[in-house]
């Protein structure tokens with residue numbers, strides 16, 4: 001698991017002194033800032049922009065005009081970035097969310113011609129502050145539409161909203177995220193700091209990275225690799241493990257839910273979080289370490305939400321912890337140690353026992369309990385998986401039919 005020492009941060013909307021009247025998108029953007037603060041040398045945070053009270057680093061959006069979506073002044077010097085942006089940008093939107101005195105902004109991408117849009121749960125719930133948000137969407141060409149929440153998946157921090165309009169939209173084209181490589185060119189498109197149609201380029205820095213963030217919108221069963229452990233219901237935020245693509249393309253608050261595309265303009269990931277080196281009281285921004293949910297996961301979750309309003313998640317039925325090398329200093333995990341198995345659960349039925357160390361899931365190396373949690377929860381309920389484990393120093397491989405995380409509720 002990719003470990004960050006310190007506080008996991010979110011750009012949490014702050015309540016204003018008095019409840020404001022309902023504002024237009026332009027008026028809300030005029031009040032928006034995107035400050036992230038924290039006490040840690042390195043912090044991991046979601047990238048939703050927030051509304052705050054007046055007098056705090058307010059950007060003068062009234063004086064900033066939306067740019068023409070793709071500006072080409074010299075056709076002889078266009079690059080692959082220009083081409084990728086030209087393909088994908090009509091599918092990317094800026095999202096404004098409000099609830100009472102709270103508000104925030106993020107990004108998203110059209111899934112269908114009739115207006116379904118993919119984004120992050122933490123964008124549309126204002127980091128768990130509301131289940132009934134007011135949502136507006138601005139398209140790449142400046143048109144603004146009201147949107148309704150279709151469904152959320154806090155476990156993978158994905159959500160679907162929908163606009164209804166007498167027009168057709170351009171859906172994003174999905175790439176196969178299982179086929180991308182470290183070093184591949186990528187472009188991030190979204191609305192950092194509320195600036196719509198922003199394009200940044202980079203590469204895929206790492207694949208199969210696991211990060212852990214705190215989510216106030218997460219269900220009680222989102223954090224446990226096996227499903228035996230439930231998080232304290234008194235807590236306002238619970239840890240969730242996300243399997244992500246790491247990129248050095250600059251992403252910042254407001255990029256949440258936006259597109260990470262390849263050099264053909266196809267979606268390879270949904271931007272979700274950044275690591276920041278902001279010190280206490282400092283402003284968080286891109287340091288070249290950003291994370292995106294793989295497109296294959298996003299496509300599966302989005303399809304289920306559009307059909308049923310929710311997404312399913314697999315359940316292994318084993319309580320796991322980090323396995324370490326007893327001969328070393330235990331600084332690094334070397335697998336997922338099975339502490340308990342649920343009677344009648346998928347793990348027990350497949351023959352997994354307490355004391356086994358799981359080192360591979362569907363041919364993906366597992367080095368920690370967090371990595372196993374993220375890998376399992378990416379799968380739909382009832383999926384079949386292959387697991388490699390070590391028992392008494394001997395490695396074995398088994399097939400398992402995963403359970404349904406909904407059974408925990």
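Brief remarks follow.
- Residue, farthest from residue 93 (Cα to Cα), within the stretch 268-283, restricted to residues that are modelled with pLDDT of 65 or more and surrounded by fewer than 24 Cβ atoms within 10 Å (Cβ to Cβ): 277
- All of 214, 235, 295 fail the test of being within 14 Å of the chain's Cα centre (by Cα), surrounded by fewer than 22 Cβ atoms within 10 Å (Cβ to Cβ) and either within 15 Å of residue 92 (Cβ to Cβ) or at pLDDT below 80 (or both), apart from 214.
- Residue among 357, 387, 352, 366 that alone is surrounded by 22 or more Cβ atoms within 10 Å (Cβ to Cβ), out of contact with any helix residue (DSSP H, G or I) (no Cβ under 8 Å at 6 or more places or on another chain) and not assigned by TED's automatic domain parsing to the domain that holds residue 242: 352
- Yes/no for residue 401 being free of Cβ contacts under 8 Å to residues at least 12 places away in the same chain and over 30 Å from residue 190 (Cβ atoms): no
- Annotation note: of 159, 165, the sole residue that is assigned by TED's automatic domain parsing to the domain that holds residue 115 and within 30 Å of residue 406 (Cβ to Cβ) is 159.
- Criterion: over 20 Å from residue 308 (Cβ atoms) and surrounded by fewer than 22 Cβ atoms within 10 Å (Cβ to Cβ) - qualifying residue of 112, 82, 94: 82
- Flag if residue 170 is in contact with a helix residue (DSSP H, G or I) (Cβ under 8 Å, 6 or more places away or on another chain) and in the same structural domain as residue 274 (by TED's automatic domain parsing): yes
- Candidates 95, 117, filtered to the one that is in contact with a helix residue (DSSP H, G or I) (Cβ under 8 Å, 6 or more places away or on another chain) and assigned by TED's automatic domain parsing to the domain that holds residue 167: 95
- Residue 141 vs. criteria out of contact with any strand residue (DSSP E or B) (no Cβ under 7 Å at 6 or more places or on another chain), closer than 19 Å to residue 299 by Cβ, outside the structural domain of residue 374 (by TED's automatic domain parsing) and loosely packed, with under 14 Cβ neighbours inside 10 Å: no
- Yes/no for residue 323 being over 13 Å from residue 210 (Cβ atoms), at pLDDT below 95 and either surrounded by 21 or more Cβ atoms within 10 Å (Cβ to Cβ) or assigned by TED's automatic domain parsing to the domain that holds residue 153 (or both): yes
- Residue in the stretch 179-197 that is surrounded by the fewest Cβ atoms within 10 Å (Cβ to Cβ), counting only those that are in contact with a helix residue (DSSP H, G or I) (Cβ under 9 Å, 6 or more places away or on another chain) and outside any loop (DSSP other than H, G, I, E, B): 185
- Selected residue (criterion: farthest from residue 158 (Cα to Cα)) from residues of the stretch 257-275 that are in contact with a helix residue (DSSP H, G or I) (Cβ under 7 Å, 6 or more places away or on another chain) and in a strand (DSSP E or B): 261
- Of the listed requirements (1) more than 14 Å from the chain's Cα centre (by Cα); (2) surrounded by fewer than 24 Cβ atoms within 10 Å (Cβ to Cβ), residue 154 misses just one: (1).
- Within the stretch 369-398, tally of residues that are touching a strand residue (DSSP E or B) at 6+ places or on another chain (Cβ under 6 Å) and closer than 24 Å to residue 179 by Cα: 16
- Odd one out for residue 307, checked against (1) modelled with pLDDT of 95 or more; (2) surrounded by 15 or more Cβ atoms within 10 Å (Cβ to Cβ): (2)
The values are calculated or read from the model by the stated rules, or taken from the named source; none is laboratory data. Since we're looking at a predicted model, the values are computed, not measured. Cβ coordinates were reconstructed from backbone atoms using ideal geometry, including for glycine residues, and neighbour counts include every protein chain displayed.
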